[in-house]
Every structure is written in C-alpha cells, then in structure tokens.
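Notes follow the structure.
All of the numbers you see were taken from the coordinates with simple rules; none came from a lab. No experiment lies behind these values; they were computed from the predicted model shown. All Cβ positions, even for glycine, are placed from backbone atoms using ideal geometry, and neighbour counts span all protein chains on display.
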Amino acid sequence: MIVNAPTDSSTWYDTNALQGYGELASVASWKSNVQLRVNGANKLPASGIGSSVDGSVGNRRLAKLVDTWGDFNIIPGQQFTQFPGSANYIANGSLVGQQDIFGCEVQEHIRELQVQFDRTGVFGNAKTTQPLNLVVVGEVEKALTLSGDRYIIQYV
C-alpha cells in the first residue's frame, strides 16, 4: 500500500485551523502514474496505473486498492484533485483530494523493490505541487516458533 504523505504544512493549515486530515492525508495527484518493479520486472501491466486523457486516475487506484485490501470507505471525490460541483457532495471542501491511496498484491519474495511515481502539478495549487513522502506499507507472512523459553520469528 502506498500513501502520498504531504510535506508542506501550509497546505493543510489555514492560519491555525487544520484543514481536512492534515499530515495524515494521502494527497491526490493530477495525471499521475504508479509502477512497481519487483526483482527487475514490472508488476503492473504496461507502464502501470496511470491517468486517462482527462488526467483522472483516482478511481483506477481506488479500484486496485479495494481489490487488494478490501472495502475502503471514503467521501466521494476524496481521491480526485478537484471535481465540478464538489460543494454539492462534500460540506468541507478541504477534504477533496485527501484520500488517494494505492494498494496491490505482489505475491512473491521481494529482493528488490522500485516504486516509480510520476505526477503533474497544477499551476497555482500548492497541494498538487508540494513534495511528497511515499509511505510504503506491506504485509509479510511470518512463522512463529517456540524454542525453549524463546520465540523465533521467521519471515517467509
């Protein structure tokens, strides 16, 4: 799972008031693309999960996340950088673009992992042009055995 953690605190504070999820958000990116390269081979088809001609990719990443990790409840539009009429759906406009999380299954032993993430900034929109920290989270199978008075944990 990959979370696009924001780094510029001015994009989630308005004076002293926290806007949306703040530093816990996963920032939506315009015309973005993600590809995982595991042990020298691309994990996702073609160039990865990227945007359509209109720049929207949030639903594709959301679909892959749900297929992999199960149901993911968000307010409609939280996976987009913006969308027309958002005020009709979201009372707090600062929540738009706050939940763009990607997840997929690898299902193999990882000796080397490369994450390629591309995006296009929107002029004048500091939320889409700020530096991001990509937080990568994974689940790993492990075996627990008892040896005398010690536990041994092995990752398999």
Practice prompt. For the stretch 1-53 and the stretch 66-141, compute the distance between their C-alpha centroids and round to whole Å.
Written response: 4
Worksheet, complete the sentence: Ranked output for segments 19-27, 117-125 by mean other Cβ atoms within 10 Å, highest leading, reads 19-27, 117-125
Item to complete: Could you please report the charge total around Arg37, scoring K, R as +1 and D, E as -1 over all other residues with beta-carbon less than 14 angstrom from its beta-carbon?
Response: -1
Fill in: In degrees, nearest ten, helix 58-69 long axis to first principal axis of the chain (Cα)
30
Worksheet item: In Å, what is the Rg of the alpha-carbon atoms in the stretch 95-156, and how long is Dmax?
Response: 19.1, 63
Worksheet entry | For the stretch 149-156, 3J(HN,Hα) per residue [Karplus equation, 6.51 cos²θ - 1.76 cosθ + 1.60, θ = phi - 60°, Hz, x = Gly/Pro] | 9, 10, 9, 10, 10, 10, 8, 10
Discussion item. Can you work out the Karplus-derived ³J(HN,Hα) for every residue in the stretch 3-17? Use 6.51 cos²θ - 1.76 cosθ + 1.60 with θ = phi - 60°, whole Hz, and x for glycine or proline.
Written reply: 10, 8, 6, x, 10, 9, 5, 5, 7, 10, 10, 10, 6, 10, 8
Practice prompt. Please list, or write none, the aspartates and glutamates whose alpha carbon is within less than 14 Å of the alpha carbon of Lys142, excluding same-chain residues fewer than 8 places away.
Written response: Glu108
Worksheet item: If eta is 1.567 mPa s and T is 4 °C, what Stokes-Einstein diffusion coefficient results for the chain, Kirkwood Rh from Cα pairs, in µm²/s?
Response: 75
